[in-house]
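The structure under discussion appears below in the form of structure tokens.
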Amino acid sequence: MFSLEIESDKLKEALEAAEVLVDECKLNFTPEGFTIRAVDPANVAMVTLELQREAFINYEADEGEIGVDLKKLLDLLAMSRKDDLVNLQLDETGHKLLIQIGGLSYTTSLLDPSTVRKEPKIPKLELPSQIRLSGSVLVRAIKAADKVGSYLWMKVDNNSAVFTLEAEGDTDHVQLTLSQDELIALQSSTDARSLFSIEYLLDIGKTLGKANEVRINLANDHPVKIQFSIADGCGEVSYLIAPRVESD
Amino acid sequence: MFSLEIESDKLKEALEAAEVLVDECKLNFTPEGFTIRAVDPANVAMVTLELQREAFINYEADEGEIGVDLKKLLDLLAMSRKDDLVNLQLDETGHKLLIQIGGLSYTTSLLDPSTVRKEPKIPKLELPSQIRLSGSVLVRAIKAADKVGSYLWMKVDNNSAVFTLEAEGDTDHVQLTLSQDELIALQSSTDARSLFSIEYLLDIGKTLGKANEVRINLANDHPVKIQFSIADGCGEVSYLIAPRVESD
Amino acid sequence: MFSLEIESDKLKEALEAAEVLVDECKLNFTPEGFTIRAVDPANVAMVTLELQREAFINYEADEGEIGVDLKKLLDLLAMSRKDDLVNLQLDETGHKLLIQIGGLSYTTSLLDPSTVRKEPKIPKLELPSQIRLSGSVLVRAIKAADKVGSYLWMKVDNNSAVFTLEAEGDTDHVQLTLSQDELIALQSSTDARSLFSIEYLLDIGKTLGKANEVRINLANDHPVKIQFSIADGCGEVSYLIAPRVESD
């Protein structure tokens, strides 16, 4: 059982961060907030997300989980106007969600959590190179790369302390080299380079363009972890994208 | 024969109010203004509309009718810029309309009025419950309802003096309950409830969203009448939408 | 070999002026600037264009030509933000173009100039009637004409000193008559009238709407020449469109 009140924009921001990868997911509630863990249908990208009780105006919840159709829920939340608050309540049966937005009262059926794809186990990874940069800089590089090819190299050159994003197409090549001046920070004790599908980066780019600071963790031929805060620091989104390992 | 001059935006507003229901219609001219009466192809929704001579800068007209292709006429009027005046003149033969907008002179063929669908007879109806509210509030409820289902209940609860808009889908339900605070006025001596197709409400919603005040007249399982002023009060639009009567 | 630096918007303006007619073209470089000459696939419209070295921040070029895919190049330039500068360099082999825009480094393959369609010979024409008018007025007339038909008459009436744009459809007719008040200038010692395909005028309309002054040169049943300045006067675009000669 839960009863929540939150600025509609904060809830939308959190749900959209999952919706770029999956249509349906589970929301896991605890007295401290809710979390989402999900993996895209092709098992290439995972999202982990938490929204803390501090992000809410009112937050009362027991331990529990619900299954939600993210597209439908975001479609209903699209009825909210700027600065609208949204109230969410689970009905007694646990099968219906009551949503109140600016006078509108929606009742929507929830998914049976047992029918939602199992949550992924998040692997523990050593990703020793960390780059911190503005979300808009990263998104610009992804879009530039998309014009020439399908895969993007992310590279840290430890000696020269630069972070390079690079894509190669059949006839074209593009590169964005960011030195420490253009980054918020670069911490690395070694070189690192991995190759990623631009398709997935474009998907998550929809949500991270607004982030003032995005943290990238990288290693050699390892997944990349891309993290940023939401809800004025009262929430956190973390993506993990599998690398494409070049065949010989 | 007629010769008219009017702000282009006022003429467009009037013609669009008919065009949401029909592609072609007759314009009936008298020395006092023109009127339109039309019914949509499925006979679910009627529009009655008048634009009084006071809405025009110059207005000279005899009794008479012309047949117009509303989509084509609105497409030509789309060439007008903000604050442009438009001049309309019927040529001597009565078969051609001369349109002047910001230096452009169009001549467009009219439809033979005998080929345009016969104008509907407007039924006299007792619709004792009247609700007056902002057009934008009504349009928001229609859009919210469209997200869950195909039909919208309009209900007046006389005791509690509230107006309720409600839609039910296969899995979802939405309701907007408006008390007298949120309405401009509610006058009713009895309960009333009727069910309407959201498709038609969305169509007319295109024109009534800008109206400061929309008047709804309702009864039990009867058509709803939805009225609003245009052209700064020098014109009036009235829609009548047939109810969907629930089968047992 | 060349090495150029220019405001991205100026380069885009120049390339778009050619791209409305052709997908690929040659850029001919001299120490004084570059030029383009191209004809559309149906041989109806030609473009001649020059961008002088004064339009550039840095300009170093030998005599030479390169073949470019205009759509691809404009797609890359679309990554530039307002006020971004763009650097272009030809690599040593002459087959690759290096493009730098706001930190992004693109390398793109050029087309073999011998595979690009041969540049047209620009005919010498006597077009004694000259009309100078705002680009937006001309574009408005083209769009108005497009609503009624496929061909646009351009006519100069020497006696009354008016320029008329006129189109006729199956049922409709539109005319825009511009006297010297509404034109920047009209110089003509004779009447002139020719008929042109609106399709091509719409294409070039995409680029000339922003021009403060467009110069039209006209004769009887002759091509029309339409010219305007780009890059703050450091460049010039000239279109030549073949007339449609009415069969008897």
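Looking at B:Phe29, is it touching a residue at least 12 places away in the same chain (Cβ under 8 Å), assigned by TED's automatic domain parsing to the domain that holds B:Gln89 and closer than 19 Å to B:Leu77 by Cα? Criteria not met by B:Phe29.
Can you find a residue that is buried (at least 19 other Cβ atoms within 10 Å of the Cβ) and more than 15 Å from A:Ile241 (Cβ to Cβ) anywhere in the stretch A:193-201? Lay out the reasoning, then the answer.
Narrowing the stretch A:193-201 to residues buried (at least 19 other Cβ atoms within 10 Å of the Cβ): A:194, A:196, A:198, A:200-201.
Imposing the further condition that a residue be more than 15 Å from A:Ile241 (Cβ to Cβ) reduces the set to none.
For the stretch A:193-201, residues buried (at least 19 other Cβ atoms within 10 Å of the Cβ) and more than 15 Å from A:Ile241 (Cβ to Cβ): absent.
Take residues that are away from every other protein chain (no Cβ under 14 Å) and modelled with pLDDT of 95 or more and tell me which of the strands (runs of 3 or more DSSP E) falling wholly in the stretch A:155-248 contain 3 or more. Break it down stepwise before answering.
Values: elements: A:162-168, A:172-179, A:185-187, A:192-197, A:214-218, A:224-230, A:235-241.
It comes to A:185-187, A:192-197, A:214-218, A:224-230, A:235-241.
Looking at the stretch B:104-116, which of its residues are surrounded by 15 or more Cβ atoms within 10 Å (Cβ to Cβ) and more than 14 Å from every other protein chain (Cβ to nearest Cβ)?
Answer for the stretch B:104-116, where residues must be surrounded by 15 or more Cβ atoms within 10 Å (Cβ to Cβ) and more than 14 Å from every other protein chain (Cβ to nearest Cβ): B:Pro113, B:Val116.
Hey, among B:Leu208, B:Leu218, B:Leu186, which residue is touching a helix residue (DSSP H, G or I) at 6+ places or on another chain (Cβ under 8 Å) and closer than 30 Å to B:Ala231 by Cβ?
B:Leu208
Are any of the residues in the stretch A:36-56 outside the structural domain of A:Ser197 (by TED's automatic domain parsing), charged (D, E, K, R) and at pLDDT below 95? Within the stretch A:36-56, none of the residues are outside the structural domain of A:Ser197 (by TED's automatic domain parsing), charged (D, E, K, R) and at pLDDT below 95.
Scanning the stretch C:87-98 for residues that are at the interface with another protein chain (Cβ under 10 Å from one of its Cβ atoms) and among the hydrophobic types (A, V, I, L, M, F, W, C) yields C:Leu97, C:Leu98.
Touching an Asp or Glu at 6+ places or on another chain (Cβ under 9 Å) and among the β-branched types (Val, Ile, Thr): does that describe A:Val224? Here the answer is no, as A:Val224 does not meet what is asked. Set side by side, the residues A:Asp23, A:Asp84 differ, and just one is closer than 17 Å to B:Ala144 by Cα and surrounded by fewer than 18 Cβ atoms within 10 Å (Cβ to Cβ), which is A:Asp84.
Would it be correct to say that B:Ile142 is hydrophobic (A, V, I, L, M, F, W, C), under 30 Å from B:Lys72 (Cβ atoms) and more than 12 Å from chain A (Cβ to nearest Cβ)? So that I can check it myself, show each step before the final result.
Details: hydrophobic (A, V, I, L, M, F, W, C): yes; under 30 Å from B:Lys72 (Cβ atoms): yes; more than 12 Å from chain A (Cβ to nearest Cβ): no.
No.
Among the residues making up the stretch A:34-70, those that are touching a helix residue (DSSP H, G or I) at 6+ places or on another chain (Cβ under 6 Å), touching a residue at least 60 places away in the same chain (Cβ under 8 Å) and buried (at least 20 other Cβ atoms within 10 Å of the Cβ) are A:Ala38, A:Ala45, A:Val47, A:Leu49, A:Leu51, A:Ala55.
Suppose the filter is within 22 Å of B:Glu16 (Cα to Cα), in the same structural domain as B:Lys82 (by TED's automatic domain parsing) and in contact with a helix residue (DSSP H, G or I) (Cβ under 9 Å, 6 or more places away or on another chain); does B:Ile198 pass it? Show your work before the answer.
On the way: within 22 Å of B:Glu16 (Cα to Cα): yes; in the same structural domain as B:Lys82 (by TED's automatic domain parsing): no; in contact with a helix residue (DSSP H, G or I) (Cβ under 9 Å, 6 or more places away or on another chain): yes.
Judged against the criteria, B:Ile198 is not a match.
For the stretch B:70-86, what are the residues that are over 22 Å from B:Glu24 (Cβ atoms) and more than 10 Å from chain C (Cβ to nearest Cβ)?
Let us first name the residues in the stretch B:70-86 that are over 22 Å from B:Glu24 (Cβ atoms), namely B:81-85.
B:Lys82, B:Asp83, B:Asp84, B:Leu85 - these are the residues of the stretch B:70-86 that are over 22 Å from B:Glu24 (Cβ atoms) and more than 10 Å from chain C (Cβ to nearest Cβ).
Within the stretch B:30-43, the set of residues being in contact with a Leu (Cβ under 9 Å, 6 or more places away or on another chain) and of a type in the set (A, V, I, L, M, F, W, C) comprises B:Phe34, B:Ile36, B:Ala38, B:Val39. For the stretch B:197-248, residues that are in contact (Cβ under 8 Å) with a residue 12 or more places away in the chain and at positive phi total 3.
Considering only residues that are of a type in the set (D, E, K, R) and either on the phi > 0 side of the Ramachandran plot or out of contact with any Asp or Glu (no Cβ under 9 Å at 6 or more places or on another chain) (or both), which ones fall in the stretch C:97-121?
Quick first cut of the stretch C:97-121, residues of a type in the set (D, E, K, R) only: C:112, C:117-119, C:121.
Scanning the stretch C:97-121 gives C:Asp112, C:Lys118, C:Glu119, C:Lys121.
C:Leu152 satisfies every condition listed in (1) part of a strand (DSSP E or B); (2) touching a helix residue (DSSP H, G or I) at 6+ places or on another chain (Cβ under 9 Å); (3) of a type outside the set (Ser, Thr, Tyr); (4) within 11 Å of chain B (Cβ to nearest Cβ) except (4). In the stretch A:173-191, the qualifying residues are those that are without any contact (Cβ under 8 Å) to a residue 40 or more places away in the chain and hydroxyl-bearing (Ser, Thr, Tyr), and the one that is surrounded by the fewest Cβ atoms within 10 Å (Cβ to Cβ) is A:Ser179.
This table checks each residue for (1) more than 24 Å from A:Ile198 (Cβ to Cβ); (2) not assigned by TED's automatic domain parsing to the domain that holds A:Asp203.
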{"site": "A:Asp91", "(1), (2)": "yes, yes"}
{"site": "A:His95", "(1), (2)": "yes, yes"}
{"site": "A:Leu98", "(1), (2)": "yes, yes"}
{"site": "A:Thr108", "(1), (2)": "yes, yes"}
{"site": "A:Leu111", "(1), (2)": "yes, yes"}
{"site": "A:Pro120", "(1), (2)": "no, yes"}
{"site": "A:Leu133", "(1), (2)": "no, no"}
{"site": "A:Leu138", "(1), (2)": "no, no"}
{"site": "A:Val148", "(1), (2)": "no, no"}
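A single entry from C:Ile101, C:Ile122, C:Ile131 fulfils the requirement of being touching a residue at least 12 places away in the same chain (Cβ under 8 Å), within 14 Å of chain A (Cβ to nearest Cβ) and of a type outside the set (Gly, Ala, Ser): C:Ile101.
The values are calculated or read from the model by the stated rules, or taken from the named source; none is laboratory data. Every value quoted in this text rests on a predicted model; they were computed, and no experiment measured them. Cβ sites come from the backbone with ideal geometry, for glycine too, and all protein chains shown count toward neighbours.
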